[in-house]
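Input: a single structure, listed below in structure tokens.
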Amino acid sequence: HHPERSTVWVGPAGHRVPIGPETFTFIAGPCAVETPGQTLEAAQMAQAAGATVLRGGAFKPRTSPYAFQGLGLEGLKILAETREATGMPVVTEVVDARDVPIVCEYADMLQIGTRNMANFGLLQAAGEAGTPVLLKRGMTATIEEWLMAAEYIAQRGNLDVVLCERGIRTFEPATRNTLDISAVPIVQATSHLPIIVDPSHAAGRKDLVVPLARAGIAAGADGVIVDVHPDPESALCDGPQALVGSDLRDLAAAVRRIPPLV
Ligand code: PEP
């Protein structure tokens, strides 16, 4: 039913940002919301480098139950304040179907993470909510399983779904996951949905984030999402993959070099 590739619009009137084939969308922000100051500083760093959408986790799905789980509602409020201060629409993860209404109250886009890609109740709740969804690929999911997960959202009436390739599990231990660049053109040939890449969560190490982002750009991704932190050493979550100002400038230069669409 969708011969043309779709554009998904994120954010309130006056601050709406497109994600789709007509543009390249740069999304950045802290892995986890920690404090108002840290979130605002990360957002300003991201915005100065050209990012137009703010990411930030309030509900963190951590491998260890003893690791920082996010600030929850307080984190959502910080994100909303940061949107107020910067004008950047907010994407944040929801990990439980019961939290979908409250996350929709504070955020412009729901993120469904790799660990919940096949949580069908959550996908259906996000479909019913109608807020745009950023659907990450399950780290052990095939492309077809991922597209079927998107169908669970679409089936409930929400076609505003953006796919995010964030790396899959392979035998290679040098990176946390392997960014499957081939997923970008395969998805674009099979689906009308926009697709972006997340080199931060794929690699788990900051030295690979800019090269992998460039690879995503070269493969034709519709955008990139990266972690940023004003002081990665003190980060409560995924500090080793967080970019700082100078890395962001390299990434911004790579984004600027994208040839204009013809
Ligand atoms: C995230 O983006 O904060 C995150 C946890 O990503 P993923 O689900 O890809 O691990």
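3J(HN,Hα) along region 187-201, derived from phi through the Karplus expression 6.51 cos²θ - 1.76 cosθ + 1.60 where θ = phi - 60°, amounts to 4, 5, 7, 9, 10, 8, 6, x, 9, 10, 10, 10, x, 5, 6 Hz, with x in place of Gly and Pro. Look at the dipole of the chain built from charges on Cβ: of A126, G72, N177, the Cα furthest out on the positive end belongs to N177. Note on Y152, Y66: ascending count of other Cβ atoms within 10 Å places them as Y66, Y152, the fewest first. Amide H to amide H, with H built 1.01 Å from N, D96 comes under 5 Å of no residue 5 or more places away or on another chain.
Between region 1-37 and region 78-96, the alpha-carbon centres lie 12 Å apart.
Residues whose amide H lies under 5 Å from that of L134, counting only those 5 or more places away or on a different chain, are L110, Q111, I112, V162; hydrogens are built 1.01 Å from N in the peptide plane. Taking θ as phi - 60° and the Karplus parameters 6.51, -1.76 and 1.60, the scalar couplings of region 88-98 work out to 8, x, 10, 10, 8, 7, 10, 10, 9, 4, 5 Hz in sequence order, x denoting glycine and proline. Choose one answer from A80, A219, A58: the residue with the largest mean-square fluctuation in a GNM of the chain with alpha-carbon springs under 10 Å. Of the options given, A219 has the highest mean-square fluctuation. When its C-alpha radius of gyration is set against 2.2 N^0.38 Å (N residues), region 1-137 gives a value of 1.02.
Between V244 and E74, residue separation times 0.36 nm minus the direct Cα-Cα distance comes to 58.7 nm. Summarising the label geometry, the points placed 7 Å from Cα in the beta-carbon direction at T140 and T190 lie 1.9 nm from one another. Under 5 Å between amide hydrogens, built in the peptide plane, is the criterion, and for V228 it picks out G29, C31, L243 among residues at least 5 positions away or on other chains. This model, with +1 at the C-beta of Lys and Arg and -1 at the C-beta of Asp and Glu, gives the chain a dipole about its Cα centre of some 300 debye. Debye-formula intensities of region 123-215, expressed as log10 I(q)/I(0) at q = 0.12, 0.16 Å⁻¹, are -0.38, -0.64 (one equal scatterer per alpha-carbon, no solvent). Under the criterion of Cα pairs below 8 Å and six or more residues apart, the relative contact order for the chain equals 19 percent.
Give me the net charge of T63's neighbourhood, meaning all other residues with Cβ under 14 Å from the Cβ of T63; Lys, Arg count +1, Asp, Glu -1. Net charge in that neighbourhood comes out at +4.
A straight Cα-to-Cα reach below 18 Å connects K60 with the lysines K77, K136, residues fewer than 8 places away in its own chain not being considered. Look at V100, V94 and count the other Cβ atoms within 10 Å of each Cβ; fewest to most, that gives V100, V94. Around Y152, what is the net charge, scoring Lys/Arg as +1 and Asp/Glu as -1 over all other residues with Cβ under 13 Å from its Cβ? Once all neighbours under 13 Å are counted, the net charge is -2. For H2, H15, H201, the sequence from fewest to most other C-beta atoms within 10 Å is H2, H15, H201.
Derived scalar couplings between HN and Hα for region 107-117 equal 10, 9, 8, 8, 9, 10, x, 4, 6, 10, 4 Hz in order, rounded to whole Hz, by the Karplus curve 6.51 cos²θ - 1.76 cosθ + 1.60 (θ = phi - 60°), x for Gly and Pro. With all pairs of different C-alpha atoms in the average, the Kirkwood value for the hydrodynamic radius of the chain is 17.8 Å. Candidates H229, L147, M117 compared by Cα position along the dipole of the chain: farthest toward the positive end lies L147, with charges placed on Cβ.
Between Y66 and R169, the modelled labels are 2.2 nm apart [label points 7 Å from Cα along Cα→Cβ]. Springs join every pair of Cα atoms under 10 Å in this Gaussian network model of the chain, and among D198, D231, D222 the largest mean-square fluctuation is at D231. Computed over neighbours whose Cβ is under 12 Å from that of L251, the net charge equals +2, Lys and Arg +1, Asp and Glu -1.
Read the figures in this text as sums done on the coordinates, not as results from a lab. Please read these numbers as outputs of a predicted model, since none were measured by experiment. Glycine gets a Cβ as well: all are built from the backbone with ideal geometry, and neighbour counts include every protein chain shown.
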